[in-house]
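Okay, so here's the structure we're looking at.
The values are calculated or read from the model by the stated rules, or taken from the named source; none is laboratory data. Values in this document were obtained by computation on a predicted structure and should not be read as measured data. We place every Cβ from the backbone using ideal geometry, glycine too, and count neighbours over all the protein chains shown. Please note that ligands, DNA and RNA were not included when accessible areas were found on the heavy atoms of the full protein model with its side chains. Shrake-Rupley method; radii C 1.70, N 1.55, O 1.52, S 1.80 Å.
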Amino acid sequence: MADRMLQFVRLDQRQPEKRDATVRRADFAEIYREFEPAQASSQASRCSQCGVPFCQVHCPLNNNIPDWLKLTAEDRLEEAYEISAATNTFPEICGRICPQDRLCEGNCVIEKGFGSVTIGSVEKYITDTAWARGWVKPPKPTRELAQSVGIIGAGPAGLAAAERLRLRGYQVHVYDRYDRVGGLMIYGIPGFKLEKEVVLRRWKQFEDGGIRFHLNTAVGQDISLAELRQRHDAVLIGTGVYKAREMSAPGIGLAGIVPALSYLTASNRVGLGEAVAEYESGTLNAAGKHVVVIGGGDTAMDCVRTAVRQGATSVTCLYRRDKANMPGSMREVYNAEEEGVRFEWLGAPEAFRGDDRVKAVIAHRMHLGLPDATGRQQVTPMPNSRFELQADLVIMALGFDPEDLPTAFDEPALPVTRWGTLKVDHRTMMTALPGVFAAGDIVRGASLVVWAIRDGRDAADQMHSYMQQQARALAVAAE
Ligand code: FAD
Ligand code: SF4
Ligand code: SF4
């Protein structure tokens, strides 16, 4: 007998079981186990089916959360999957890595006092079940169109657009400079948050649906943007942001100080079975080292937890604000603490000490002052508060900026904002170059997978309208 809804008064919030920290420290497998079917339906039944569901309002994809929760509670999983997949290209990925505490779950009305509905875990459960039962199908269109699109970047923005355009019948070509599909989902985000197989199986499905991938192809080097514009009826740029934000400080050039993404990419490549020279040599390997990670965002949390798994002697996160003001997800901070990471709150680096290699980070304490115009508390250094942290490996996780794209694409006509992101008309998502659209981090700046999916889907709809208009104009001209 199916559970009734509104069970939050009777049933406590339960997340899927987490693997013990002492066990999970030793591998890169995901840390949460799958819900048991009965658990998933009873947790879904805690939803009160709000008339105005704030969870849905605060989901970037406006997923029909109450509907798929009700269907899960009634064990109607195939219907739940259909509804979930209608608005989200990768529900199983969002269920794993969205910062739900800031999005859907953080805005669930029963959060206060009872604990939110475990929306992300149920979303993951529905689509993992769909994969297991063969309900997830390749994006095969019912009719083929002659028009083609070129998509630069096989990250979530490019892939979400690719799927949507393929389903409409377009010939879809995706170009990526890397050798695998997935963008930061494959080379940035570690396996303990998102196992690689979850991304790789989508790649296979997309190929089966007829999407053509041109890998190891850097646009701007191996092929020009102008050439892609000639080849295709419309082009989407979804190249993400990769330039590490830098700091200047005495000793910053010492060996042993590395950027976060190089470190994480090496680790992910090793996890995928590749031999990575900088990992083998120890340059990008934390084994046996005292590691200090500088930064307080999700990338920093990924670095500290990767270092633990690589067998670091000690792992410390140095962050200039306090725990309450961390930009990263609190859930990830707790996971890191459980896994043995030490946090130095209110500490900022001042210099790096060493001869040819780094030996220590010299830092000082910070004071949290009054909020500035943005509402964030300002931080100022405290006098005479210097301290040292022993370090053989320092990982800089200070955030990302867009690269100088117009130069890379050799397209001076492609305008950028003053933050270096690509400028688009936000109604049409088109750049100043006719037929060239842009989506994801390259437009927003470093953001989230769920926003990249949203942008990719929206861009696909705009590209479809544009190509229809172009086709109509051609037909009129030919009359
Ligand atoms: P990307 O995923 O960056 O994909 C861009 C693609 O374009 C890449 O494959 C790249 O190779 C390709 N490319 C770039 N230039 C060229 C070129 N010239 N020619 C051809 N191809 C090119 N978000 C979350 O929601 N949850 C998380 O837990 C999370 N963790 C993260 C952890 C890390 C370490 C990082 C760095 C980011 C994390 N994010 C997370 C953010 C998320 O990964 C990004 O917001 C998202 O991947 C952006 O998608 P995108 O498609 O715009 O770009
Ligand atoms: Fe929540 Fe993300 Fe799923 Fe939306 S996509 S319901 S924000 S987990
Ligand atoms: Fe259900 Fe919470 Fe969403 Fe309301 S806000 S519909 S209780 S999940």
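Under 9 Å between Cβ atoms, at least 6 apart or on separate chains: pull out the pairs that start in region 225-253 with a residue that is farther than 22 Å from ARG357 by Cα and touching a residue at least 40 places away in the same chain (Cβ under 8 Å) and end on any residue that is within 10 Å of ligand 1 (Cβ to nearest atom) and basic (Lys, Arg).
Once the first residue is farther than 22 Å from ARG357 by Cα and touching a residue at least 40 places away in the same chain (Cβ under 8 Å) and sits in region 225-253, its partners that are within 10 Å of ligand 1 (Cβ to nearest atom) and basic (Lys, Arg) give THR239/ARG177; VAL241/ARG444.
Among the listed residues LEU159, LEU103, which satisfies the condition of being under 29 Å from ARG76 (Cα atoms) and within 16 Å of ligand 3 (Cβ to nearest atom)?
LEU103 is the lone residue from the list that is under 29 Å from ARG76 (Cα atoms) and within 16 Å of ligand 3 (Cβ to nearest atom).
Across region 205-226, which residue is nearest to ligand 3 (Cβ to nearest atom) among those that are in contact with a Pro (Cβ under 9 Å, 6 or more places away or on another chain) and in a loop (DSSP other than H, G, I, E, B)?
GLY209
Quick one: ARG177 ticks every box in (1) among the basic types (Lys, Arg); (2) within 13 Å of ligand 1 (Cβ to nearest atom); (3) under 28 Å from ALA44 (Cα atoms) except a single one, so which number is it?
Condition not satisfied by ARG177: (3).
Out of all the residues in region 160-173, is one or more within 17 Å of the chain's Cα centre (by Cα) and buried (at least 24 other Cβ atoms within 10 Å of the Cβ)?
yes
Report yes if some residue within region 380-392 is away from ligand 3 (no atom under 16 Å from the Cβ), under 29 Å from PRO60 (Cβ atoms) and either open to solvent by less than 70 Å² (accessible area, probe 1.4 Å) or out of contact with any helix residue (DSSP H, G or I) (no Cβ under 9 Å at 6 or more places or on another chain) (or both); otherwise report no.
No, region 380-392 contains no residue that is away from ligand 3 (no atom under 16 Å from the Cβ), under 29 Å from PRO60 (Cβ atoms) and either open to solvent by less than 70 Å² (accessible area, probe 1.4 Å) or out of contact with any helix residue (DSSP H, G or I) (no Cβ under 9 Å at 6 or more places or on another chain) (or both).
Yes/no matrix, rows are residues, columns are (1) more than 15 Å from ligand 2 (Cβ to nearest atom); (2) of a type in the set (Ser, Thr, Tyr):
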| residue | (1), (2) |
| --- | --- |
| THR22 | yes, yes |
| GLU34 | yes, no |
| ALA38 | yes, no |
| SER41 | yes, yes |
| CYS47 | no, no |
| GLN56 | no, no |
| LEU61 | no, no |
| LEU69 | no, no |
| THR72 | no, yes |
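Being open to solvent by less than 70 Å² (accessible area, probe 1.4 Å), within 15 Å of ligand 3 (Cβ to nearest atom), at negative phi and in contact with a Pro (Cβ under 8 Å, 6 or more places away or on another chain) narrows it down to one residue among GLN56, GLN13; which is it?
Just one listed residue meets the conditions, GLN56.
Taking the conditions exactly as written (within 21 Å of ASN325 (Cα to Cα), more than 16 Å from ligand 3 (Cβ to nearest atom) and not aromatic (Phe, Trp, Tyr)), does GLY420 satisfy them or not?
no
May I ask you to say which residue of LYS140, LYS112 is of a type in the set (Lys, Arg), outside the structural domain of ARG231 (by TED's automatic domain parsing) and away from ligand 3 (no atom under 16 Å from the Cβ)?
Answer to the check: LYS140.
Among the candidates THR421, THR417, which residue alone is of a type in the set (S, T, N, Q) and surrounded by fewer than 18 Cβ atoms within 10 Å (Cβ to Cβ)?
THR417
Going by the structure shown, is ALA300 small (Gly, Ala, Ser) and in contact with a Cys (Cβ under 7 Å, 6 or more places away or on another chain)?
In short, yes.
Please go through region 174-202 and give me each residue that is open to solvent by 50 Å² or more (accessible area, probe 1.4 Å), under 25 Å from TYR125 (Cβ atoms) and free of Cβ contacts under 8 Å to residues at least 40 places away in the same chain, ordered by number.
GLU197
Only residues that are part of a strand (DSSP E or B) and aliphatic (A, V, I, L, M): list them for region 230-281, please.
Within region 230-281, ALA234, VAL235, LEU236, ILE237, ALA244, ALA255, ILE257, VAL258 meet the criteria.
Counting only residues that are more than 16 Å from ligand 1 (Cβ to nearest atom) and either modelled with pLDDT of 95 or more or in a helix (DSSP H, G or I) (or both), how many does region 321-338 have?
The qualifying residues number 5.
Which of the residues belonging to region 19-29 are over 15 Å from SER267 (Cβ atoms) and in contact with a helix residue (DSSP H, G or I) (Cβ under 8 Å, 6 or more places away or on another chain)?
Of everything in region 19-29, just one residue is over 15 Å from SER267 (Cβ atoms) and in contact with a helix residue (DSSP H, G or I) (Cβ under 8 Å, 6 or more places away or on another chain), namely ALA21.
Find the residue count for region 84-120, including only residues that are surrounded by 23 or more Cβ atoms within 10 Å (Cβ to Cβ), over 18 Å from GLN205 (Cα atoms) and more than 9 Å from ligand 2 (Cβ to nearest atom).
3
For region 440-450, does any single residue satisfy the condition of being under 20 Å from ASP233 (Cα atoms) and in the same structural domain as VAL199 (by TED's automatic domain parsing)?
no
Which condition number in (1) within 15 Å of ligand 3 (Cβ to nearest atom); (2) free of Cβ contacts under 8 Å to residues at least 60 places away in the same chain is the one that ARG76 fails?
Every listed condition holds for ARG76 apart from (1).
From GLY220, GLY150, which residue is surrounded by 17 or more Cβ atoms within 10 Å (Cβ to Cβ), over 14 Å from the mean Cα position of the chain (by Cα), in contact (Cβ under 8 Å) with a residue 60 or more places away in the chain and at positive phi?
GLY220
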